[in-house]
Amino acid sequence: MQIQIPRSAAGGSEEVRRWLASGELDLADYGVDNAIAMVENAGADVILVAATDYTPTELVAQPEIKSLADLRGKTVLVDAPNTQNALALKKILSMAGLYAGADFVMKEAGGTGARVATMLKHKEFAATMASGQTAVQARQGGLVSLATTANIFGATLRYGVFTRRQWAQENGDLLVRYLAAHIEAQRWIMNPVNKEQVIDIVARQAKLSRDLAGQIYDMDMGPNGLAKDAAIDVQRFANVLKFRAEVEGSWEGKAPPPDRYYDASYYEKALALANANPAK
């Protein structure tokens, strides 16, 4: 089983979609809007099977950028022009009267970590969307936060696990076991008893100070952090569809019901399995 895990890898949304569609990947733990795009834009039969986190996304910019209006005439970085991050960026800038193509240029530059790294090295790239650990690293590097999706769109589902429906049907037992392990891992991370260990792991893997790792931990443990038990919050997912309809004009501006894009049956079996055999 091949799984896309590193959310900040150089590969961006286009690569993940292509790898999953071709069978090079079996599962993706990535931005849930990619599953929607695969269904709507490529006709792929993809389903969301679990949630990962609800972390809001921030518009981070070079330190000399003091307001949204300062992004007029600038180049901003995106993973792909039609992802949740790019749509959020368009929506935020439209509130300042700025529109893609006419007032600013969008340039594709890979995953979130790659985009932030590019901005830190090349000051001509003015802004990008970042969240969670990467947003903290961006601020540590001197970038500034101009806006957050939570204040504009409300609570949304950001990351989740999705796969091809056919693969799920053919590998149901394997998928259920994987999701059960995912739930157990999420529980271990969110258990206050393990707080110091989790902070140590974040600090070591992300090469951050322990203080910054602690900030990430506090963020992840909040109501807009990790998804408890990896459960899909349907209303948060519906909000993703709603702002995609609003910004992109998808579905003639009227979002479809969220159950069109997810199948909870595998998750329900996984949750039962995790509850029957709790990790020691």
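The values are calculated or read from the model by the stated rules, or taken from the named source; none is laboratory data. Note that the structure is a prediction, hence the values are computed from the model and not measured. Neighbour counts run over all protein chains shown; Cβ positions are idealised from the backbone, glycine included. We work out accessible area using only protein heavy atoms, side chains counted, and drop any ligands, DNA or RNA first. Shrake-Rupley method; radii C 1.70, N 1.55, O 1.52, S 1.80 Å.
Rounding to the nearest 10 and keeping the result within 0 to 90°, find how far the Cα-based axis of helix 112-121 lies from the longest principal axis of the chain.
The helix 112-121 is inclined about 30 degrees to the chain.
Return one whole number: the accessible area per residue of the stretch 1-111 in Å², for a 1.4 Å probe.
Dividing the accessible area of the stretch 1-111 by its residue count gives 37 Å².
Of Asn34, Asn82, Asn194, which is the most mobile in a GNM of the chain whose springs link Cα atoms less than 10 angstrom apart?
Asn194
Check cross-link reach from Lys195 to the lysines: straight Cα distance under 21 Å, and skip same-chain residues fewer than eight apart.
Once the sequence-local lysines are set aside, what remains near Lys195 is Lys207, Lys228, Lys280.
Using only Cα atoms and rounding to the nearest 10 degrees, what angle (0 to 90) does helix 265-276 make with the longest principal axis of the chain?
Helix 265-276 sits at roughly 60 degrees to that axis.
Based on the Cβ-Cβ distance from Ile201 to Trp251, what FRET efficiency comes out when R0 is 45 Å, to the nearest 0.05?
Result of the calculation: an efficiency of 0.65.
Under 10 Å, Cα contacts only: if you run a Gaussian network model on the chain, which one of Ala21, Ala102, Ala206 comes out with the highest mean-square fluctuation?
Ala102
For helix 84-94, what angle does its Cα long axis make with the longest principal axis of the chain, in degrees from 0 to 90 and rounded to 10?
Between the helix axis and the principal axis of the chain, the angle is about 30 degrees.
Whenever you get a sec, compute what percent of the accessible area on the stretch 214-280 sits on carbon and sulfur atoms (1.4 Å probe).
Reported share for carbon and sulfur atoms: 51 percent.
Just to be sure I understand, if you calculate Rg/Rh (Cα atoms, Kirkwood Rh) for this structure, which of [x] 0.96; [y] 1.14; [z] 0.98 do you get?
[x]
Under 17 Å Cα-Cα from Lys107, which aspartates and glutamates qualify once same-chain neighbours fewer than 8 residues away are excluded?
Glu14, Glu15, Asp79, Glu124
Of the accessible area of the stretch 132-213, with the probe set at 1.4 angstrom, what percent is carbon plus sulfur?
Accessible surface attributable to carbon and sulfur in the stretch 132-213 totals 48 percent.
Leaving out ligands and nucleic acids, and using a 1.4 Å probe, what accessible area per residue does the stretch 146-280 come to in Å²?
It amounts to 53 Å² per residue over the stretch 146-280.
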